[in-house]
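Report on the following structure.
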Amino acid sequence: MLIYLLVAVLALWLFGCGYAGYQKRFGLFAVVALAGLGLNTLWMYFAFHAHPLSNPALTAHAAGVMYAITALGVGWFAGRMVRGFRDSRVDPE
């Protein structure tokens with residue numbers, strides 16, 4: 001059951017990063033990304049007793065940063081595509 005919760009939180013975090021990219025709000029992205037990495041650090045420390053600067057924890061942080069940047073890029077690209085389609089709409093007049 002816990003794994004479903006973790007996957008749901010990850011999906012919500014990635015959606016937040018993607019939404020920030022879609023709206024081109026990079027300050028929001030920084031807040032969402034740092035909040036997610038902070039929660040990841042707390043999870044690893046309390047659940048696994050992993051020191052935040054240990055090699056496995058640093059690897060998990062690096063993976064989280066790459067996930068966040070990828071979600072930002074996908075959201076930014078989707079937003080650019082949507083804005084491009086809206087701008088190329090033909091007026092009925």
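The values are calculated or read from the model by the stated rules, or taken from the named source; none is laboratory data. What you are looking at is a predicted structure, and each value in this text was computed from that prediction instead of being measured. Cβ placement follows ideal geometry from the backbone for every residue including glycine, while neighbour counts extend to all protein chains displayed. Just so you know, the surface numbers come from the protein's heavy atoms only, side chains and all, with ligands and any DNA or RNA stripped out. Shrake-Rupley method; radii C 1.70, N 1.55, O 1.52, S 1.80 Å.
Of the accessible area of the chain, computed with a 1.4 Å probe over protein heavy atoms only, carbon and sulfur atoms account for 73 percent. Most tightly packed first, judged by the mean number of other beta-carbon atoms within 10 Å of their residues, the peptides 21-29, 53-61, 79-87 read 21-29, 53-61, 79-87. For the Cα atoms of the chain, what angle does the longest principal axis make with the long axis of helix 2-22, in degrees from 0 to 90, nearest 10? It is inclined by approximately 40 degrees.
Run the numbers for LEU39 and LEU5: contour at 0.36 nm per residue of separation, minus the present Cα-Cα distance, in nm.
The LEU39-LEU5 span can extend by a further 10.9 nm.
Rolling a 1.4 Å probe across all protein chains gives PHE77 an accessible area of roughly 110 Å². Tell me whether the stretch 39-93 comes out rounded, prolate or oblate; compute the Cα gyration tensor, take square roots of the eigenvalues as a ≥ b ≥ c, and use a/c under 1.5 as the rounded threshold. Cα axes put the stretch 39-93 in the prolate bin. Beyond 13 Å, what share of the Cα-Cα pairs of the stretch 9-57 remains, rounded to the nearest whole percent? For the stretch 9-57, the share of Cα pairs beyond 13 Å comes to 59 percent. Solvent-accessible area per residue in the chain equals 76 Å², computed with a 1.4 angstrom probe and all protein chains kept.
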